[in-house]
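Comments concern the structure below.
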Amino acid sequence: KKLAKLIDNATRARSLGVRLAAQILQLVDAEGLVGINDAVAHACVAATYLLAGHPDLQVSWAEECLSRMRCGGSQGDLERMSESLANIQARPRPPLLPLLSSDEASASGPRVLPPISRDGLTDA
């Protein structure tokens with residue numbers, strides 16, 4: 001029973017972490033905060049890590065990360081980030097954490113949330 005609870009908590013934490021990473025990207029894009037893309041890339045790293053065992057999703061998040069790093073990071077930062085992402089992607093899936101269903105996987109990419117309009121931000 002404790003193991004089932006632990007797995008359920010880990011599954012929900014993974015889902016929340018990936019969703020938050022996507023929301024960070026969505027908000028940064030809506031606000032036009034291009035100057036912080038190199039820092040925001042770390043949200044993509046977290047999602048890449050949380051999606052161990054899902055190589056296609058990891059590639060999408062890693063590409064998003066490097067794309068954002070190119071906007072404000074140095075060449076050295078970009079190279080270190082690329083190496084870090086490769087190491088994360090090489091890690092095996094945690095044996096107890098179940099794979100995402102196809103519906104969960106389709107909702108776990110970096111661009112799954114609709115863009116927020118600038119008008120929507122000012123109306124809030």
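Read the figures in this text as sums done on the coordinates, not as results from a lab. All figures in this text were calculated on a predicted structure; none of them were measured in a lab. Because the Cβ atoms are built from the backbone with ideal geometry, glycine has one as well, and the counts that use them run over all protein chains shown.
Summary of computed values
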read-out	value
Helical mean residue ellipticity (222 nm; -39500 (n - 2.57) per DSSP H run of 4+; nearest 500) of the chain	-23500 deg cm²/dmol
Descending semi-axes in Å of the stretch 1-92, equivalent ellipsoid built from Cα gyration tensor	26, 17, 9
Cysteines, the chain, no other Cys beta-carbon under 4.7 Å	Cys71
Highest-MSF residue in the chain out of Ala21, Ala13, Ala107 [GNM, Cα springs under 10 Å]	Ala13
Within the chain, longest stretch free of exposed trypsin sites (Lys or Arg not before Pro) [DSSP loop, at most 16 other beta carbons within 10 Å]	2-110
FRET efficiency estimate (nearest 0.05) - Cβ-Cβ, Leu99 to Ala39, R0 25 angstrom	0.25
Spin-label pair Val59/Glu79, simplified geometry with 7 Å Cα→Cβ offset, distance in nm	2.6 nm
Net length gained if the chain between Leu3 and Arg111 were fully extended (0.36 nm per residue, minus Cα distance)	35.6 nm
Environment charge at Leu6 (Cβ cut-off 15 Å; Lys +1, Arg +1, Asp -1, Glu -1)	+4
